[in-house]
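Each remark here refers to the structure printed beneath this line.
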Amino acid sequence: MSVQRGAAASAGAAGALFPMDKMIIRGGVPLRGSVALSGSKNACLPIMMASVLTDEPLVIRDVPRLRDVRTAMELLTGLGVAARWTGDHEVELNARHLHSHDAPYELVKTMRASFVALGPLLARCGRARVSTPGGCAIGARPVNLHIAGIRALGARIQLRNGYVEAHAATLTGARIWLDNPSVGATENIMMAAVRARGITVIENAAREPEVQDLARLLRAMGAQIEGAGTHVIEIEGVERLHGAEHSVIPDRIEAGSLMVAAVITGGDLVIKGAPLDQLDAVIAKLIETGAEITVANGDLRVARNRPLMPVELRTLPYPGFPTDLQAQMMALLTQAAGTSVITETIFENRFMHAQELLRMGADIVMKGPTAIVRGPAHLTGAPVMATDLRASMSLILAGLAADNTTEVSRVYHLDRGYEALDQKLRAVGAQIERAPE
C-alpha cells in the first residue's frame with residue numbers, strides 16, 4: 001500500500017507541473033501502413049549525461065522530443081552545460097563552463113535516469129551531490145549498486161538529507177562485481193571509470209543495447225572500453241575525453257509496442273528501421289501468439305490474420321523478454337484464446353495496469369509476481385488511469401482492441417517515453433485523439 005500511496009502522490013505532483021491531458025480512443029480498427037521509430041529514450045538520457053565528461057561539444061542526433069529529454073536538458077543547464085536544439089532531433093551539449101556538481105531532488109524525482117549524473121560529475125569535478133530518486137509507481141529501485149561501484153573506484157560517499165555526496169581527488173580502477181546486471185549502475189560506473197587511473201573491470205554487467213550505445217559514444221570521445229554487450233566490461237581510464245558526434249539507436253521498446261499494436265488490432269504494420277537484432281525475444285513470443293512477422297529491406301512487417309494463442313512469459317534482463325514490454329503483452333494476451341501466465345522478475349510492483357484492464361473487462365488474477373490472464377475477454381471502453389509510462393501504452397493498446405470509447409487519463413506518463421504516439425497511430429488508421437482532461 002505504501003508504494004501505491006507514493007505513486008498517487010507522485011502522479012499528483014506531476015499533474016501540477018504538466019498538462020493533464022487524456023487520450024480518447026475508439027477501438028476496433030485494424031492498423032495498416034508504415035511507421036517510423038524515434039530514437040531510444042533509454043539510450044539517449046545517459047548519453048546526454050556523458051556531456052559532463054568533456055569540455056568540448058557533443059552533437060547528438062536522433063534525439064526524441066520527450067518530456068524526459070526536456071528534464072535532462074534542464075538538469076544539465078543547471079550544472080552549467082550549454083544545451084540547445086540544433087535541429088528537429090539534434091541536440092548540442094557543451095560543458096566547457098560547468099559551474100555546479102549538484103543534481104537536485106526536484107529534477108531527479110521526476111526522472112530516475114538523472115541519477116547517472118553521479119559518475120560523470122565525480123569524474124569531471126572530483127565531487128558530486130545527487131539526489132536519491134526514491135521509489136516509483138513500479139516499485140522501489142535502490143541505487144546501492146551504483147554507490148558500491150563508485151565507492152570501489154575510491155570515492156568517499158555519504159548519504160545526507162536524501163542526497164548522495166561523493167568526493168574523490170582521484171578515481172582508481174577496480175574490479176567490480178554487480179549483484180544483478182543493473183543497467184543504470186553499469187552506466188554510472190562506466191562513466192566514472194573512463195577517467196579513472198588504471199583498469200576497471202565490471203563483472204555481471206548489463207548487456208542491454210542502451211549500454212552498448214553509451215559505450216559507442218564514450219569510445220568516440222576517446223575512452224578505452226571493451227566488452228560492452230557482454231557480462232564483462234573492461235575500461236582503461238584516460239586523462240581526457242574530447243567532443244564527438246553520435247546518433248542514438250532506434251527505440252526497441254517503441255518498436256515492440258507498435259508490434260503489439262499491429263497484433264492486437266489484427267492489422268498489418270511495417271515498422272521502419274526496427275532494430276531487428278534487439279528484438280529476438282519479442283519476435284519469438286509474438287509469433288507464438290499467432291503473429292506473422294517478416295523482414296524486407298531491413299524493415300519489420302507484423303500482421304495477424306488468425307485467432308490469438310496464449311503463451312507463458314517471463315521478464316528477464318537483456319537478451320530476455322524486456323520488462324518494459326510486459327504491460328503491453330498483458331493487454332494483448334487478454335485477447336488470446338486460453339490461459340496465459342506472465343511472471344515479472346525485474347520489478348515487484350509492475351502489475352498496476354492490471355486493475356485498469358479489469359475495468360475494461362479483462363480476466364486477470366494476480367498472485368505475487370505472476371499474473372494469470374484468461375481470454376479471449378470482451379473488452380469494452382471505459383475511463384481508465386495510467387499509473388506509469390508502460391502502463392499508459394498497455395491501456396492505449398487495450399483501447400485499440402475494445403468496443404466503444406476508451407479514455408486514458410494522466411498521459412503525461414506516456415509523453416515521457418513515446419514521441420507523438422497519437423500522431424503515429426492516427427497515420428496508420430487508429431481513431432485516437434488527445435484532449436485536455
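Tabulated data
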read-out: Peptides 71-84, 307-320 ordered by average Cβ neighbours within 10 Å, highest first; value: 71-84, 307-320
read-out: Of Val384, Asn404, Gly320, farthest towards positive along the dipole that unit charges on Lys, Arg, Asp, Glu beta carbons give the chain; value: Val384
read-out: Whole-number percent relative contact order across the chain, with pairs defined as alpha carbons under 8 Å at least 6 apart; value: 21
read-out: For the chain, the fraction of alpha-carbon pairs in successive 20 Å shells from zero, as %; value: 27, 57, 17, 0
read-out: Cβ crowding within 10 Å averaged over residues, with 362-374, 414-426 ranked highest first; value: 414-426, 362-374
read-out: Segment 41-247 shape via C-alpha gyration tensor axes, a/c threshold 1.5; value: rounded
read-out: Most to least packed among 290-298, 328-336, 346-354 [average Cβ atoms within 10 Å]; value: 328-336, 346-354, 290-298
read-out: Reachable lysines from Lys272, criterion Cα separation under 24 angstrom, eight or more residues apart if same chain; value: Lys41, Lys285, Lys424
read-out: Computed magnitude of the charge dipole of segment 197-252 (debye, nearest 20; Cβ of K, R +1, Cβ of D, E -1); value: 80
read-out: Magnitude of the charge dipole, the chain, Cβ model with Lys/Arg +1 and Asp/Glu -1, debye to 20; value: 620
read-out: Stokes-Einstein diffusion coefficient of segment 62-149, Kirkwood radius over Cα pairs, 20 °C, 1.002 mPa s, in µm²/s; value: 155
read-out: Segment 29-110 - Debye-derived log10 I(q)/I(0), Cα point model, q = 0.19, 0.24 Å⁻¹; value: -0.79, -1.19
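Each value in this text was obtained by applying a stated rule to the coordinates, not by laboratory testing. Quick caveat, the model's predicted, so the values are computed rather than measured. Note that each Cβ is placed from the backbone with ideal geometry, even for glycine, and that neighbours are counted across all protein chains shown.
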